[in-house]
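The values are calculated or read from the model by the stated rules, or taken from the named source; none is laboratory data. This one's a predicted model, so the numbers in the text were calculated from it and none came from an experiment. Note that each Cβ is placed from the backbone with ideal geometry, even for glycine, and that neighbours are counted across all protein chains shown. In case anyone asks, the SASA skips ligands and DNA or RNA and just uses the protein heavy atoms, side chains included. Shrake-Rupley method; radii C 1.70, N 1.55, O 1.52, S 1.80 Å.
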Amino acid sequence: MSKPLFEILDYLDTPLGVLYLRRRELLSRPGMIVTEVTLDSELLMSSLNTESEIELSRRALAWHQAGPEPKRQGLRVLVGGLGLGYTAAAALESELVAHVRVVEHLPDVIRWTREGMIPLSEQLNGDPRVELSLGDVYAELLAPLPEGQEPWDLLLIDVDHTPTEHLGPTSAPFYMAQTQATIKKHLAPGGVLAIWSAGDDDDYAAMLAATYKEATRERVEWVNELVNQGQEIEDVIFLARD
């Protein structure tokens, strides 16, 4: 009997910790190959569990379309965090979306996509609506909107674990009430801010409700098949708009 597939595709020593891109065959489901990213041995993302990443795009778009502004095509979407690309790919499912710009902090994560190392590489590389950019999405949104740049219809943020559990030191101001006026300048009329979180946060939800005309939170329930007998997970998507 052959050994199950296990490949380390890339290894990075980053300011956030040691990052691995790996591909492996699931012992519990022979023949199923998954691509995963780990940070300091902690699983960050898997091509097997993509529900929350996909729902971040789909629910933000649905909320945008249900808003008070007239419906239109040619939507502009900014995605914070590339990861394995599932949030960006879900936004591209909509014919209303004309441009998806993904801001990623680590150049090698962008390289993974461009060099065909992740499952969605071909789709993302082949869609002319996609722009992959190196940068800090938090720093960008906490700065004034550059002169001449159009605001975004959707801001989709999937970087930190939660509003209080941050991957790096630069994002904390993004979750504060006093910065929301600046963040709003990056949104077009009726534009939606959507933030993925691995856990709920009443204080953050209350801050959004107090600083935006409309705010809500939606739960995404899914089963983690990577643990024995499956583990029920509940992630949260925070949504806000003026």
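Among the listed residues A89, A66, A62, which satisfies the condition of being in contact (Cβ under 8 Å) with a residue 12 or more places away in the chain, out of contact with any Phe, Trp or Tyr (no Cβ under 8 Å at 6 or more places or on another chain) and of a type in the set (A, V, I, L, M, F, W, C)?
Sole residue among the options that is in contact (Cβ under 8 Å) with a residue 12 or more places away in the chain, out of contact with any Phe, Trp or Tyr (no Cβ under 8 Å at 6 or more places or on another chain) and of a type in the set (A, V, I, L, M, F, W, C): A89.
For region 175-189, enumerate the residues that are among the hydrophobic types (A, V, I, L, M, F, W, C), within 14 Å of L145 (Cβ to Cβ) and either open to solvent by 20 Å² or more (accessible area, probe 1.4 Å) or assigned to a helix (DSSP H, G or I) (or both). Before you say what the answer is, go through the steps one by one.
Applying the first criterion (among the hydrophobic types (A, V, I, L, M, F, W, C)) to region 175-189 yields 176-177, 181, 183, 187-188.
Of the ones still in play, those that are also within 14 Å of L145 (Cβ to Cβ) are 181, 183, 187-188.
Across region 175-189, the qualifying residues are A181, I183, L187.
Checking the structure you have, find out if any residue of region 190-210 is open to solvent by 60 Å² or more (accessible area, probe 1.4 Å), part of a strand (DSSP E or B) and either closer than 17 Å to F174 by Cα or not small (G, A, S) (or both).
For region 190-210, residues open to solvent by 60 Å² or more (accessible area, probe 1.4 Å), part of a strand (DSSP E or B) and either closer than 17 Å to F174 by Cα or not small (G, A, S) (or both): absent.
Would you please name the residue that is farthest from A194 (Cα to Cα), looking only at residues in region 27-55 that are in a strand (DSSP E or B) and either open to solvent by 50 Å² or more (accessible area, probe 1.4 Å) or charged (D, E, K, R) (or both)?
Let us first name the residues in region 27-55 that are in a strand (DSSP E or B), namely 33-39, 42-46.
Okay, now just the ones that are also either open to solvent by 50 Å² or more (accessible area, probe 1.4 Å) or charged (D, E, K, R) (or both), so 33, 36, 42-44.
On the way: I33: 30, E36: 24, E42: 25, L43: 23, L44: 20 Å.
In this case the residue turns out to be I33.
Is it the case that V109 is open to solvent by less than 50 Å² (accessible area, probe 1.4 Å), in a helix (DSSP H, G or I) and closer than 13 Å to D158 by Cβ?
Values: open to solvent by less than 50 Å² (accessible area, probe 1.4 Å): yes; in a helix (DSSP H, G or I): yes; closer than 13 Å to D158 by Cβ: yes.
Yes, satisfied.
Give region 197-228 a look and list any residue that's among the polar types (S, T, N, Q) and within 20 Å of E42 (Cα to Cα), or say none.
Step one: of region 197-228, the residues among the polar types (S, T, N, Q) are 197, 211, 216, 224, 228.
Passing the criteria: S197, N224, N228.
Of the residues that make up region 104-112, is at least one within 20 Å of L61 (Cβ to Cβ) and among the hydrophobic types (A, V, I, L, M, F, W, C)?
As a first pass, look at region 104-112 and keep what is within 20 Å of L61 (Cβ to Cβ): none.
Looking for residues that are within 20 Å of L61 (Cβ to Cβ) and among the hydrophobic types (A, V, I, L, M, F, W, C), one finds none in region 104-112, hence no.
With R58, R23 as the choices, which residue is in contact with a strand residue (DSSP E or B) (Cβ under 9 Å, 6 or more places away or on another chain), open to solvent by 40 Å² or more (accessible area, probe 1.4 Å) and at pLDDT 95 or above? Before you say what the answer is, go through the steps one by one.
Numbers: R58 fails: in contact with a strand residue (DSSP E or B) (Cβ under 9 Å, 6 or more places away or on another chain).
Just a single option satisfies the conditions, and that option is R23.
Please tell me if E234 is open to solvent by 20 Å² or more (accessible area, probe 1.4 Å) and either modelled with pLDDT under 95 or over 21 Å from the mean Cα position of the chain (by Cα) (or both). Talk me through it step by step, then tell me what you get.
Working: open to solvent by 20 Å² or more (accessible area, probe 1.4 Å): yes; either modelled with pLDDT under 95 or over 21 Å from the mean Cα position of the chain (by Cα) (or both): yes.
The answer is yes for E234.
Give the residues of region 66-106 that are part of a loop (DSSP other than H, G, I, E, B), charged (D, E, K, R) and under 19 Å from E150 (Cβ atoms), sorted by residue number. Spell out the reasoning first.
Quick first cut of region 66-106, residues part of a loop (DSSP other than H, G, I, E, B) only: 66-74, 81-85, 93-96, 105-106.
Applying the additional criterion that residues be charged (D, E, K, R) yields 69, 71-72, 93, 95.
Within region 66-106, E69, K71, R72 qualify.
Would you check which residues across region 116-170 are open to solvent by 40 Å² or more (accessible area, probe 1.4 Å), of a type in the set (V, I, T) and under 16 Å from the mean Cα position of the chain (by Cα) and list them?
Residue satisfying the conditions is V159 alone.
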